[in-house]
1. Looking only at region B:107-118, filter to residues that are loosely packed, with under 15 Cβ neighbours inside 10 Å and either facing another protein chain (nearest Cβ under 10 Å) or within 12 Å of the chain's Cα centre (by Cα) (or both); which one of those is farthest from B:T8 (Cα to Cα)?
2. For region B:1-44, name all the residues that are of a type in the set (V, I, T) and either in a loop (DSSP other than H, G, I, E, B) or touching a Leu at 6+ places or on another chain (Cβ under 7 Å) (or both).
3. So B:G98 clears everything in (1) modelled with pLDDT of 90 or more; (2) surrounded by 16 or more Cβ atoms within 10 Å (Cβ to Cβ) except one condition, right? Which one?
4. Kindly list the number of the only condition in (1) surrounded by 17 or more Cβ atoms within 10 Å (Cβ to Cβ); (2) among the hydroxyl-bearing types (S, T, Y); (3) touching a strand residue (DSSP E or B) at 6+ places or on another chain (Cβ under 6 Å) that fails for B:S60.
5. Restricting attention to region A:14-44, which residues are within 8 Å of another protein chain (Cβ to nearest Cβ) and among the aliphatic types (A, V, I, L, M)?
6. Please give the number of the condition B:V71 fails out of (1) β-branched (V, I, T); (2) under 12 Å from the mean Cα position of the chain (by Cα); (3) within 24 Å of A:Y70 (Cα to Cα).
7. Being within 12 Å of another protein chain (Cβ to nearest Cβ) and farther than 23 Å from A:L85 by Cα is true for just one of B:V71, B:V94. Which residue is that?
8. Sort out which residues of region A:1-13 are away from chain B (no Cβ under 14 Å) and within 12 Å of the chain's Cα centre (by Cα), and write them in order of number.
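The values are calculated or read from the model by the stated rules, or taken from the named source; none is laboratory data. None of these values were measured; they are calculated from a predicted model. Don't worry about glycine lacking a Cβ; one is built from the backbone with ideal geometry, like all the others, and counts go over all protein chains shown.
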Amino acid sequence: MSENLFGIHGAALEVRSKRMGVLASNIANAATPGYKARDVDFAAALDAKLAQGRASAPALSAGEDAALLYRTPTMASLDGNTVELNREQLAFAENALAYSATLSFVQGKVNTLTRALKGE
Amino acid sequence: MSDGRPVTLFNLTERAMSAQLVRMNAATSNLANAGSVASSADQAYRPIRAVFTAEVDRASGLTSVSSGALVRAETEPTKRYDPGHPLADRDGNVFEAGVDESAEMVEIMESARQYQNMVQAMQTAKQLMLETLRSK
């Protein structure tokens, strides 16, 4: 139902939200020795999400896990930590903006629908 | 996880902030003890360091952080010849804590920076969550 209503945007919003969590985890672990920074491959995660919606199987998260990749650091640090705060900040900002954009698409859909229901 | 509650972005931020606080306190303690003197190498103050560990939460996919243990750095104290010192040993030496003040200051600055970064990320995330909630 929600997939028909919002199209790709419902799934995109979920993936954006998940990516926000992953990036926040990286920022939280900026000083943890041996921590490997991760990021979500957005296109792959979105495809997996859409496939999961079509198959209507809730336990199909293998594709989503495959979309969670490790970052390659520009310069490796001595303690094995691969978080680079500037990159994480940039990715976080980009993701927040994209989340906002997706959210406004969803809101637009909802507005259209409410207007149609009210018959204004 | 440590307390059985599901990990959200807010608790992730909370844990990251307390971990940074421990780290900052450790560095501040080292600074406070810089220049402290003892009468033997064993009694001299050794700087402490907070070592973080990552905590993976499978259910939410978030990785929070905790300051696992405070470790004493094996920095040898500096031996100084000062026979007039009340704590001087039989040979007239005192042992000064091996604290590198500039390194500690840098540690505090880095910790503060990461703390700020986490708070900023949390604020952005909260803003987005509120926007999502308010949409009708």
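1. Just the residues of region B:107-118 that are loosely packed, with under 15 Cβ neighbours inside 10 Å, to begin with: B:109, B:112-113, B:116.
Subsequent filtering for residues that are either facing another protein chain (nearest Cβ under 10 Å) or within 12 Å of the chain's Cα centre (by Cα) (or both) retains B:109, B:112-113.
Working: B:M109: 27, B:A112: 23, B:R113: 22 Å.
For region B:107-118, the residue satisfying everything is B:M109.
2. At the first step, the residues of region B:1-44 found to be of a type in the set (V, I, T) are B:7-8, B:13, B:22, B:28, B:37.
Listed by number, the residues that qualify are B:V7, B:T8, B:V37.
3. (1)
4. For B:S60, the failing item is (3).
5. A:M20, A:V22, A:L23, A:A24, A:I27, A:A28, A:A30, A:A31
6. Just one mismatch for B:V71, condition (3).
7. Values: B:V94 fails: within 12 Å of another protein chain (Cβ to nearest Cβ).
Selected residue: B:V71, the only one of B:V71, B:V94 that is within 12 Å of another protein chain (Cβ to nearest Cβ) and farther than 23 Å from A:L85 by Cα.
8. Scanning region A:1-13 gives a single hit, A:A11.
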